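The values are calculated or read from the model by the stated rules, or taken from the named source; none is laboratory data. Please read all numbers here as calculations on a predicted model, not as lab measurements. With ideal geometry, Cβ positions are generated from the backbone for all residues, glycine too; neighbour counts draw on all protein chains shown.
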Amino acid sequence: MTEGSPASPARVSASGWGWRHASRERWAVRDLDLTIEPGERVLLLGASGAGKSTLLQALAGVLGGDEEGESSGGLLVDGAAPTRTRGRAGLVLQDPDSQVILAKVGDDVAFGCENLGVPREETWRRVREALDAVGLDVALDRSTAALSGGQKQRLALAGVLAMRPGLLLLDEPTANLDPAGVIEVRSAVERVLERTGATLVVVEHRVDVWLPLVDRVVVLSPEGGLLADGAPDAVLRAQGRSLAEAGVWVPGFPPPLPARRRAPGAGLLAARELSVGRDTAIREGIELTVAAGTATAITGPNGSGKTTLGFTFAGLLPPIAGEVEATGELRGAAGVHPIRWKSRELLTRIGTVFQEPEHQFLTATVRDELAVGPRALKLPAAEIAARVDELLQRLRLDMLAAANPFTLSGGEKRRLSVATVLATRPRILVLDEPTFGQDSRTWAEQVAILAELVDDGGAIVASSHDRLFVEALADGEVRL
Amino acid sequence: MSVGDEGSRQARPEKVARPEKVARPEKSATHPFDRVNPVSKLGAALLLAACLVLTIDWVSASTALVLELMAIPFLGVRPREFWLRTLPVWIAAPFTGLTILLYGQAAGNVYWEWFAIRISDGSIDLATATAVRVLAIGLPAVVLFITVDPTDLADGLAQVWHLPARFVVGALAALRLVGLFLDDWKYLELARRARGVGDTGRMRRIPGQVFALLVLAIRRGSKLATAMEARGFGGPTQRTWARDSRFGWREWAVLIAGLMVGMIAIAAAVLTGHWNFIVG
């Protein structure tokens, strides 16, 4: 192949196709009949668990063989089984960190070409072409670890592009990005499609991001087959409401927002001339006061120090300079500086919800997980049981009381991580990106719980780049 | 974190037109020694160590150490970096010596005795020989590897030594996850404090934390594997290499230099009658 001769767009056809993972009883995808013509741009929607990611992985040929699961019917890319047409389809995944393969930008983009046996000179020509197409103008020996989330996703796109695929598969490529990153990646995809004319299948919860780019919307049904298929306007008109109810972010169907009472109370915690960072300051001179009955948002792009500020404010990281001081109302018998409090003293005063729920799970069952905090407070057994039962019910976890926290779904893990912190009734709740990558249903649930907490006289401090979340909840905002 | 980079990128749009070059551009910084194939550095360190573990006497170790200290300034390692990276070796050497001084096999005059401790002519000789030997093997190993880039090493192992590509490239990709695991571990620590169990039993918490890290590691690992497979890794096609890994005169020179230092050290020991073959 020579420069400027991209591969021809690929054709996809499924007839009665289905897939069941080896460890599951339920079919992930079932009875799928679908034809995608070369050059079509398809947005693939469906409730969680409808099998969208499974279909993309099957098309990319990475679903695995017979030991990984069982398939039925036929699924073809350009008339051949996808596992035989490696390189025809290129897949970009959701998590920017987990798909960077090598340490340097150039080497990472070259990786796919090497695997396809492309000669060296041709490889480096393609690397440059691909980086140019996604607009990633950094040195080839630039460290991949030093890229932002949006840049990492464009890097992954370039790596796929260098393989000259005829079918571009994107699995929620912008779910983990800040708004600037989302735009970056979307425009990169747009440019790539203009240049290559490749067929596109994109899975995404947030419909508005991709709507301008696609010419067809396909909705998978969790029961198998398709719920809808056609032009974007027609499908969204017919299916918008039910999709929104299933957790898809459909324009014109915003999730319900809670009414806020907004009655600020006494001051609880204040930061004065605060500098935060892990070893050296990444932000300086921060002033922030938090009162009971209020919600404060910390906003700013990825990497601007939102998480570090939240953790410093929550008494988990020591300030580089300046002070975080608790008022008498919050501290009670404890000292002035939260970072000097014992771990146990934090429990009733400041609770922290981590972005990755798995970082904070400690036990083997949901019920034990909820009891960790109350036990550390040495509450009487009856009181512990009462609190745990109440939370199980309130956060719809009662059916899962005996399940292992690590085995829950994304939304359930999120609810549990909030519940474990609520169990010790802290006056202040600090949350790190609480709505990251969530479907609209989990989002609405979480916002409702937090609103209730604040109106009951609690306070929350949340780092977030989710505008809707900030507008729904925040009384004040710190912009980094 | 890359906000600044984006800014500087937009400020210099003329950079877009990049001259066509076939090979990956060389690192801007660099000393000729940095470009020597890592496989040769690895070989030199192994040959040197092999010579020095044959005997245990102070003459061979000191000879090697003196030769090495004369060579190291020419290998392009900055003094600060040298001391920082070799610090563990400088600490380990005297401690190893001290242990042998106190507990080593006694011979000749005994100077001090207390329970199992016995300092004698024999243990003094042995202690010196061992301490110097730790330095003589440890310092060059560290110095040779300061300048090694893991990607270049993998290229060398696969192209020069012909180790299986699947294994070498897989290990290289996994290495990149280590940084993520370190971050995970920090978060796990902070989360223990946040959950009210951070006051006591730091050691007792470790198994739980390790388990959580393992779960996260498996998840990250399988995502990485999917990403690699999606880019054709592990497919039936014969893999090509984007970077050429050569073994030329420079590589042979480094290899021979390593061997020479070892041989001269052995010769010195034999000629002065200090040769002390370790086996038998």
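Against the conditions (1) at pLDDT 90 or above; (2) more than 8 Å from chain B (Cβ to nearest Cβ); (3) surrounded by fewer than 18 Cβ atoms within 10 Å (Cβ to Cβ), residue A:55 satisfies every one except (3). Summed over the range B:147-198, the residues that are on the phi > 0 side of the Ramachandran plot and over 23 Å from the mean Cα position of the chain (by Cα) give a count of 1.
Which residue, of A:319, A:338, A:301, A:374, is buried (at least 17 other Cβ atoms within 10 Å of the Cβ), closer than 23 Å to residue A:281 by Cα and without any contact (Cβ under 8 Å) to a residue 60 or more places away in the chain? The conditions single out A:319.
Outside any loop (DSSP other than H, G, I, E, B) and crowded, with 17+ Cβ neighbours inside 10 Å - does that describe any residue in the range A:246-259? The answer is yes, given that some residue of the range A:246-259 is outside any loop (DSSP other than H, G, I, E, B) and crowded, with 17+ Cβ neighbours inside 10 Å. Taking the conditions (1) farther than 30 Å from residue B:151 by Cβ; (2) aromatic (Phe, Trp, Tyr); (3) within 11 Å of chain A (Cβ to nearest Cβ) in turn, residue B:277 satisfies each one other than (3).
Note on the range B:176-195: residues that are out of contact with any His (no Cβ under 9 Å at 6 or more places or on another chain) and either more than 7 Å from chain A (Cβ to nearest Cβ) or modelled with pLDDT of 90 or more (or both) amount to 12. When B:242, B:265, B:173, B:225 are screened for being at the interface with another protein chain (Cβ under 7 Å from one of its Cβ atoms) and part of a helix (DSSP H, G or I), only B:173 passes. In summary, residue A:151 fulfils each of the numbered conditions (1) facing chain B (nearest Cβ under 9 Å); (2) of a type in the set (S, T, N, Q); (3) more than 22 Å from the chain's Cα centre (by Cα) with the single exception of condition (3).
Checking the condition at pLDDT below 90, crowded, with 20+ Cβ neighbours inside 10 Å and among the aliphatic types (A, V, I, L, M), which residue from A:157, A:147, A:170 passes?
Values: A:157 fails: at pLDDT below 90; A:170 fails: at pLDDT below 90.
It is A:147.
Any idea which residue in the range B:146-155 is nearest to residue B:240 (Cα to Cα), counting only those that are within 14 Å of chain A (Cβ to nearest Cβ) and either among the basic types (Lys, Arg) or in a helix (DSSP H, G or I) (or both)? Only one residue fits best here, namely B:155. Restricting the range A:156-211 to residues that are acidic (Asp, Glu) and part of a helix (DSSP H, G or I), the residue that is farthest from the other protein chains (Cβ to nearest Cβ) is A:208. Does the range A:127-135 include one or more residues that are more than 9 Å from every other protein chain (Cβ to nearest Cβ), more than 26 Å from residue B:241 (Cβ to Cβ), modelled with pLDDT of 90 or more and crowded, with 22+ Cβ neighbours inside 10 Å? The answer is no; no qualifying residue exists.
A single member of A:40, A:67 is under 20 Å from residue A:197 (Cβ atoms) and either more than 14 Å from every other protein chain (Cβ to nearest Cβ) or touching a His at 6+ places or on another chain (Cβ under 6 Å) (or both), and it is A:40.
Please find, among A:96, A:38, A:82, the residue that is without any contact (Cβ under 8 Å) to a residue 60 or more places away in the chain and assigned by TED's automatic domain parsing to the domain that holds residue A:210.
Working: A:96 fails: without any contact (Cβ under 8 Å) to a residue 60 or more places away in the chain; A:38 fails: without any contact (Cβ under 8 Å) to a residue 60 or more places away in the chain.
A:82 is the lone residue from the list that is without any contact (Cβ under 8 Å) to a residue 60 or more places away in the chain and assigned by TED's automatic domain parsing to the domain that holds residue A:210.
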